[in-house]
Structures are given as structure tokens and as C-alpha cells.
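Have a look at the structure below before the remarks.
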Amino acid sequence: MIKRAEIKELAAKALRTKIHGYTPDSTIPIVATIEAEVKHFIKKNGIFQPVWEKLPTTQAMLDDLLTNNGRDVIHQQSFMNGAQPAQYNYYAISSDATFSSDFTAGSTTINNEITTPTHMVRHIPGSNWGGVTESFTHVAGTNTTTVVSSFEYNLGSPGSVAVYGYGNANASSGVTIGFGSALSSSVTLNATATTSDVLKLTVTLTLG
């Protein structure tokens with residue numbers, strides 16, 4: 001019987017060989033793993049209680065997620081001299097129902113980027129919205145970087161919004177969009193006068 005660890009190793013090897021029809025011409029492709037979790041509030045015995053729901057994990061070659069401008073910036077940051085462009089540390093989400101087809105290598109914006117309410121805007125992880133600890137993590141000597149970001153639908157009144165994808169950029173508005181991905185399935189965030197649903201995104205980038 002094949003052990004679970006062996007299955008994961010074989011899957012990872014296959015992923016590095018070919019994914020989404022793309023066969024990397026490098027021995028050190030970058031794999032992006034995207035995990036999405038949602039905190040909903042369910043009323044029980046007259047009290048709203050938080051319940052976390054985890055969506056299926058999405059995994060893809062970063063090459064499939066990068067925009068053309070994003071690719072250029074990475075080359076400038078890593079291999080060129082002179083002034084360096086800002087890093088891709090702003091995260092944003094989209095209400096575009098066709099995000100998976102609308103976000104392409106030629107994209108220069110995040111279609112239907114959500115800009116309200118205040119805890120749903122594009123930001124550098126670190127605000128810890130909705131009780132989620134946002135962070136950037138890389139351990140020296142390892143080949144992974146993990147970014148945790150959160151978005152809280154703090155509307156303050158009854159309402160809802162559907163989220164279909166996310167992207168990142170190197171400034172708080174406009175500028176260069178780096179890469180993005182549709183979620184494995186859409187997420188509906190709800191709000192009441194006293195509760196606010198939360199979307200937590202964990203993006204892990206593995207080099208090689």
C-alpha cells in the first residue's frame with residue numbers, strides 16, 4: 001500500500017513536471033498554493049457563533065498566474081541594476097464572477113476590485129482584520145514563502161458580497177498588478193449590524 005506521504009511526493013513531482021498544460025523549461029519552477037477559509041456567523045440560541053469553512057486548495061504554476069508587467073518587475077527586482085520597483089505586498093479581492101477568464105497575462109487591473117467597506121480594501125497584510133493574524137513568513141534556508149491576508153466584511157448593516165478571486169500589486173492603488181488567481185469556488189461574505197464574515201487567504205510560494 002502506498003503511504004500518504006509517498007502520494008504527496010508523487011503529486012508534487014507531477015506538479016513540477018506539468019500543470020495547467022504548461023511544462024516548465026526550468027528545473028526550479030515556482031508553485032503557488034492558495035488556501036481560502038471563511039468565517040461565517042450562525043445564530044444558535046439567540047447568540048451568533050463563528051464557524052470556519054475551508055475551501056478546496058488551489059495549486060498552480062506561478063508562471064500561469066503572473067501578468068506580463070508582473071514578470072518584468074520580478075526580473076527588475078532580482079536580476080537588474082538601478083532603481084528597484086516596489087515589491088508585490090498589497091493584496092486585493094474581486095467580485096468579478098468571470099475572474100478566472102478575465103484575469104490574464106495582459107491584465108493591468110483587478111476587475112471589479114472590492115474597495116468597500118474599510119476592511120475589504122487592498123492592503124499590506126498586517127492589519128489582522130477579523131481576528132486573523134496576517135503575516136509574511138520565510139525561514140532562512142528554506143524554499144517557501146507564505147503570505148496570510150484577511151478581508152472582513154465590516155459593513156455594519158445587513159448585506160452580502162461574493163468574492164471570486166484575488167490579486168496582488170505593489171502599491172495601494174493602480175500601479176503594477178503582479179499575479180492573481182480565481183478561488184476554487186466563490187465565497188459569499190455576509191454582514192449584520194453586529195457580525196462581519198471574514199475571508200482568510202493563505203498563499204504559499206514554493207521555489208523548486
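Taken over the stretch 116-125, the criterion of being in a loop (DSSP other than H, G, I, E, B) and either surrounded by 13 or more Cβ atoms within 10 Å (Cβ to Cβ) or touching a helix residue (DSSP H, G or I) at 6+ places or on another chain (Cβ under 9 Å) (or both) is satisfied by P117, V121, R122, I124, P125. Here the condition is being over 16 Å from the mean Cα position of the chain (by Cα) and within 16 Å of L201 (Cβ to Cβ); of G156, G126, G130, it holds for G130 alone. Within the stretch 165-203, being of a type in the set (G, A, S), more than 15 Å from S149 (Cβ to Cβ) and surrounded by fewer than 20 Cβ atoms within 10 Å (Cβ to Cβ) holds for A171, S173, G174, S184, S185, S186, A193.
M1 - would you say it is modelled with pLDDT under 90, of a type in the set (A, V, I, L, M) and in contact with a Lys or Arg (Cβ under 9 Å, 6 or more places away or on another chain)? In short, no. Kindly check whether there is at least one residue in the stretch 153-166 that is free of Cβ contacts under 8 Å to residues at least 60 places away in the same chain, among the aromatic types (F, W, Y), farther than 29 Å from M61 by Cβ and in contact with a helix residue (DSSP H, G or I) (Cβ under 7 Å, 6 or more places away or on another chain). Checked the stretch 153-166: at least one residue is free of Cβ contacts under 8 Å to residues at least 60 places away in the same chain, among the aromatic types (F, W, Y), farther than 29 Å from M61 by Cβ and in contact with a helix residue (DSSP H, G or I) (Cβ under 7 Å, 6 or more places away or on another chain). Candidates G141, G126, G178: the one that is of a type outside the set (A, V, I, L, M) and in contact with a Leu (Cβ under 9 Å, 6 or more places away or on another chain) is G178. In this structure, does F103 turn out to be in contact with a strand residue (DSSP E or B) (Cβ under 7 Å, 6 or more places away or on another chain), at pLDDT below 95 and either closer than 24 Å to Q87 by Cβ or crowded, with 19+ Cβ neighbours inside 10 Å (or both)? Yes, satisfied. Within the stretch 54-86, the set of residues being in contact with a helix residue (DSSP H, G or I) (Cβ under 7 Å, 6 or more places away or on another chain) and surrounded by 14 or more Cβ atoms within 10 Å (Cβ to Cβ) comprises Q59, P85. Based on this model, can you work out whether S157 counts as surrounded by fewer than 18 Cβ atoms within 10 Å (Cβ to Cβ) and either more than 28 Å from Q87 (Cβ to Cβ) or of a type outside the set (G, A, S) (or both)? Taking the combined requirement at face value, the residue satisfies it.
Residues of the stretch 127-145 being surrounded by 13 or more Cβ atoms within 10 Å (Cβ to Cβ), touching a residue at least 24 places away in the same chain (Cβ under 8 Å) and under 28 Å from T195 (Cβ atoms), which ones? Matches in the stretch 127-145: W129, G130, V132. Selection of the stretch 79-101 for residues being outside any loop (DSSP other than H, G, I, E, B), of a type in the set (S, T, N, Q) and touching a residue at least 24 places away in the same chain (Cβ under 8 Å) yields S94, S100. Annotation note: Cβ proximity below 7 Å between a residue of the stretch 168-182 that is closer than 14 Å to H123 by Cα and touching a residue at least 60 places away in the same chain (Cβ under 8 Å) and a residue that is basic (K, R) and not in a strand (DSSP E or B) (sequence gap 6+ or interchain) occurs for A169/R122; S172/R122.
The values are calculated or read from the model by the stated rules, or taken from the named source; none is laboratory data. Fair warning: this is a prediction, and the values are worked out from it, not measured in the lab. As a convention, Cβ positions derive from the backbone with ideal geometry for all residues, glycine included, and neighbour counts pool all protein chains shown.
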